[in-house]
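Just below is one structure, and these are the notes that go with it.
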Amino acid sequence: MAWLRDSDRPVLLSVVFWLTLGVTVAINLMLPYPVRDRVLFFADVALLCGLWLVLPWRSGQGRLLVTPAFLAGTFVLGLVGAIGTQVPLMLLGVANLALVYGMRTAAAILAAFGVSLVAVPLLFYGRTIVQALADLTMTAVLAAFSMGMASAVLRARQLAERVRELTVAEERARIAAEMHDSVGHHLTVIKVGLENAERFRDRRPEAAWEEVRQAKDLTQAALADARRWVRALRPLALNGDLGSAALQKLADSFSGTGVTVAFEVEGTERPLEPDTELVLYRVLQEGLTNAVRHAEAKTVRGTLTFEKGRIVLVVADDGKGFGHGHGFGLSSLSDRVKALGGTLISGNLAVGFELRAELPS
């Protein structure tokens, strides 16, 4: 039932819908309609309320027939006692059409609606051309508002997706730089050690074998580093999972590092904004990577807690604590948390180190 709390539903359009529907109901109650018409009117109002709650607000969400049904419901509302106030509701349906099917489809529907708005009153209700054009002008103003809102929402989504992509690219660049420093350093030392072994092999064979043993140990360390960074470069949506499922898979991916990793969720999980999910993913990733790489920890526990109005992620280990969490991306990560209105706190525990992110939700 997460779609009932659809975060993609624009707040302003939702406010306009409920206000307009409230005004429509109030006007209907003040006028002396027959009982049959009033029953039909309130049945249609109830239908529109239900359809509004399940309208899709992004392409690919399914429920695509809900929008045409909503538009049909707003049209029927005008036939059973809306006194013209159904027009803003119809335009909200067109705005939804723009978000789900695209601006061109919505514009075509609006053009057809504009033609009918002039033709129907002239042909069936005895309206003059001046009156019909006056209605069309008012509708055009409201249509410009609804289409402008839809266009702004689409543009904001494109910008958010672009920022998300740039953030991921920046994170990958940082990880690539650290991978170069760690693995590159190991390979450089291995190369020097093997060159020494080659030089010592005849005159000092024991020293040569010692260099080989050190190179072997460094090779294992370099391989472990490479595997950790490959895990870190995995995308946010692991096998299509998001939210706590993606965090759980990230925690599971560290199971081969020799550190016991546990992850749990407290509270009732709810859908989160994509940027919030990404930051939480990076916080857990940073906490796990630092604990495995720098803290010499034996266990790490991640806890994701859903509280009223906020979400908290805590990553705690039983490692050596002081110093291991500094200088490894926490500064930039803190900036990203603050950009979403949250806080990132890190510090030593009695035993180990804790990373705590609090974000609004």
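Things to note:
- For residue 356, the test of being more than 30 Å from residue 58 (Cα to Cα), of a type in the set (Lys, Arg) and not in a loop (DSSP other than H, G, I, E, B) is passed.
- Identity of the residue in region 316-361, farther than 15 Å from residue 288 by Cα and charged (D, E, K, R), that ends up modelled with the highest pLDDT: 358
- Contacts under 7 angstrom Cβ, first residue in region 285-303 being crowded, with 21+ Cβ neighbours inside 10 Å, partner in a loop (DSSP other than H, G, I, E, B) and acidic (Asp, Glu), 6 or more apart: 297/318
- Residue match in region 95-106 (condition: more than 30 Å from the chain's Cα centre (by Cα), at pLDDT below 85 and within 19 Å of residue 52 (Cβ to Cβ)): no
- Region 270-319, residues that are in a strand (DSSP E or B) and of a type in the set (A, V, I, L, M): 300, 304, 311, 312, 313, 314, 315, 316
- Scanning region 93-105 turns up one or more residues that are assigned by TED's automatic domain parsing to the domain that holds residue 65, part of a helix (DSSP H, G or I), free of Cβ contacts under 8 Å to residues at least 24 places away in the same chain and over 22 Å from residue 24 (Cα atoms).
- Selection of region 190-226 for residues being over 30 Å from residue 289 (Cα atoms) and of a type in the set (S, T, N, Q) yields only 196.
- Scanning region 242-289 for residues that are small (Gly, Ala, Ser) and farther than 22 Å from residue 160 by Cβ, we see that the one that is modelled with the lowest pLDDT is 256.
- Residues satisfying the stated conditions in region 31-54, i.e. more than 14 Å from residue 21 (Cβ to Cβ) and either under 27 Å from the mean Cα position of the chain (by Cα) or in a loop (DSSP other than H, G, I, E, B) (or both): 31, 32, 33, 34, 54
- As a summary of the residue check, residue 9 satisfies the conditions (1) touching a residue at least 24 places away in the same chain (Cβ under 8 Å); (2) surrounded by fewer than 16 Cβ atoms within 10 Å (Cβ to Cβ) except for the one numbered (2).
- Any hit, region 120-139, residues being surrounded by 15 or more Cβ atoms within 10 Å (Cβ to Cβ) and either of a type in the set (Ser, Thr, Tyr) or within 24 Å of residue 9 (Cα to Cα) (or both): yes
- Flag for residue 120 being at pLDDT below 80, in a helix (DSSP H, G or I) and among the hydrophobic types (A, V, I, L, M, F, W, C): yes
The values are calculated or read from the model by the stated rules, or taken from the named source; none is laboratory data. Worth saying up front: this structure is predicted, and the values here are computed from it rather than measured. Don't worry about glycine lacking a Cβ; one is built from the backbone with ideal geometry, like all the others, and counts go over all protein chains shown.
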